[in-house]
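The values are calculated or read from the model by the stated rules, or taken from the named source; none is laboratory data. Keep in mind the model is a prediction, meaning the values are calculated, not measured. Here the Cβ positions follow ideal geometry from the backbone for every residue, glycine too, while neighbour counts run over all protein chains shown. For the accessible areas, the whole protein counts, side chains as well, though only heavy atoms, and no ligand, DNA or RNA atoms are used. Shrake-Rupley method; radii C 1.70, N 1.55, O 1.52, S 1.80 Å.
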Amino acid sequence: MTVGRFAPSPSGRIHLGNILCCLLAWLSARQKGGTVVLRIEDLDSARCPRRYADQMIQDLRWLGLDWDRGPEVSGPDEPYFQSQRSALYQAALDRLEAQGLVYPCFCTRAELHAAGAPHREDGLTVYAGTCRNLTPTQRAERSARRPPALRLRVPDKEVSFIDGHMGPCTENLERDCGDFLLRRSDGMFAYQLAVVVDDAAMGVTEVVRGADLLSSTPRQLYLYQLLDRTPPEFIHFPLLLAPDGRRLSKRDADAGLDSLRNRVTAEELLGTLAALAGFHPSGEPASAAELLGEFSWETVPREDIRLPAHLFES
Ligand code: GLU
């Protein structure tokens, strides 16, 4: 039985990229008769106040994208807000710690950049391993000055997988990513850990999300292995870009729903997004349910998609 999910981060008003993500995740799961979970990824509670989550939930309702488990409908894996699931993340962290794979990192942001580690296209700085082999005395001294972040030690190992849309992908964890964060120095759990714990706990079998997270997948697969859980199938789709090729951002309110909801109907919006995603050539207004008959991954492009200007004016 397929269990799909949408996992938006409510750090602002939902934008067209998030909507496309929810639409594709919904269609992919529903077409197989599957269940849909809505999980609110509000780990960063300062940036994700509850009112944004409430607005996002209302926007999803307006779009006609429903869910079987999640906020407002409950379900077996409550709570569906990451901000309320810290005990589960801590338990996973304890398990990784018991395997001797977690170490404290005292590097400041400036030090991380100064370490001269290569920056990847997705903005990740490959960790240079500065705090990997500190002695117990060094750790004690530094802990007295600054609370540490926690990192996972990764091996010099290739992780390969077949993405359901993008095809074969491989990454060497040590060379291409480096030891990665599990918890920040302020105590906030890292997305990589939380998403694996939650998708595993919620029985998610397929993860549909934007290609900006393709490069997170090897880290997540490694966590599935260490936590002894079966990973879902990963299906990444191309990003929606602004008409000038920029990435969309919730903070800029680029292509946000604020003004769009006054100008277009949900069906017009879904019809246009489905056309851009390659499976609804007419671009005519259509409800999510009507798009079920037409949806196919086969015609979804693999390169980034530029939004037409008329949808973008904010
Ligand atoms: N919360 C993430 C976002 O809104 C998505 C995480 C995921 O799908 O794995 O970008």
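Each residue in the stretch 22-35 was checked for being surrounded by 22 or more Cβ atoms within 10 Å (Cβ to Cβ) and either out of contact with any Leu (no Cβ under 7 Å at 6 or more places or on another chain) or not in a helix (DSSP H, G or I) (or both), and 4 pass. Pairing each residue of the stretch 65-80 that is farther than 24 Å from ALA286 by Cα with any residue that is of a type in the set (Lys, Arg) and open to solvent by 40 Å² or more (accessible area, probe 1.4 Å), provided the two are 6+ apart or on different chains, yields C-beta distances under 6 Å for GLY75/ARG69. Which one is nearest to the ligand (Cβ to nearest atom), of the residues in the stretch 217-231 that are farther than 17 Å from ARG95 by Cα and open to solvent by less than 10 Å² (accessible area, probe 1.4 Å)? Ranking the qualifying residues of the stretch 217-231, first place goes to THR217.
In the stretch 174-196, which residues are more than 15 Å from ARG151 (Cα to Cα) and open to solvent by 20 Å² or more (accessible area, probe 1.4 Å)? Talk me through it step by step, then tell me what you get.
The initial filter retains those residues of the stretch 174-196 that are more than 15 Å from ARG151 (Cα to Cα), namely 175-176, 195-196.
Those that are more than 15 Å from ARG151 (Cα to Cα) and open to solvent by 20 Å² or more (accessible area, probe 1.4 Å): ARG175, ASP176.
Can you tell me which residue is modelled with the lowest pLDDT among those in the stretch 232-247 that are under 23 Å from ASP42 (Cβ atoms) and surrounded by fewer than 21 Cβ atoms within 10 Å (Cβ to Cβ)?
So, considering only residues that are under 23 Å from ASP42 (Cβ atoms) and surrounded by fewer than 21 Cβ atoms within 10 Å (Cβ to Cβ), the one modelled with the lowest pLDDT is ARG247.
Total residues in the stretch 1-35 satisfying the condition of being more than 12 Å from the ligand (Cβ to nearest atom) and closer than 27 Å to MET188 by Cα: the figure is 1.
Checked against the criterion of being open to solvent by 50 Å² or more (accessible area, probe 1.4 Å) and polar (S, T, N, Q), the candidates THR125, THR205 yield just one match: THR205. If you check ARG151 against the conditions, is it closer than 17 Å to GLU97 by Cβ, charged (D, E, K, R) and open to solvent by less than 30 Å² (accessible area, probe 1.4 Å)? Here the answer is yes, as ARG151 does meet what is asked.
Of all residues in the stretch 266-297, exactly one satisfies the criterion of being open to solvent by 30 Å² or more (accessible area, probe 1.4 Å), in a loop (DSSP other than H, G, I, E, B) and hydrophobic (A, V, I, L, M, F, W, C), namely LEU292. Within the stretch 93-109, being part of a helix (DSSP H, G or I) and surrounded by 14 or more Cβ atoms within 10 Å (Cβ to Cβ) holds for LEU93, ARG95, LEU96, GLU97.
Among the numbered criteria (1) at pLDDT 95 or above; (2) hydroxyl-bearing (Ser, Thr, Tyr); (3) part of a loop (DSSP other than H, G, I, E, B), which single criterion is violated by SER83? Failing condition for SER83: (3).
Give the residue that is surrounded by the fewest Cβ atoms within 10 Å (Cβ to Cβ), with candidates limited to residues of the stretch 64-87 that are of a type in the set (A, V, I, L, M, F, W, C) and either more than 25 Å from ASN262 (Cβ to Cβ) or touching a Ser or Thr at 6+ places or on another chain (Cβ under 9 Å) (or both).
My answer is ALA87.
Just give me the residues in the stretch 298-314 being part of a helix (DSSP H, G or I) and small (Gly, Ala, Ser), in sequence order. Of everything in the stretch 298-314, just one residue is part of a helix (DSSP H, G or I) and small (Gly, Ala, Ser), namely ALA309.
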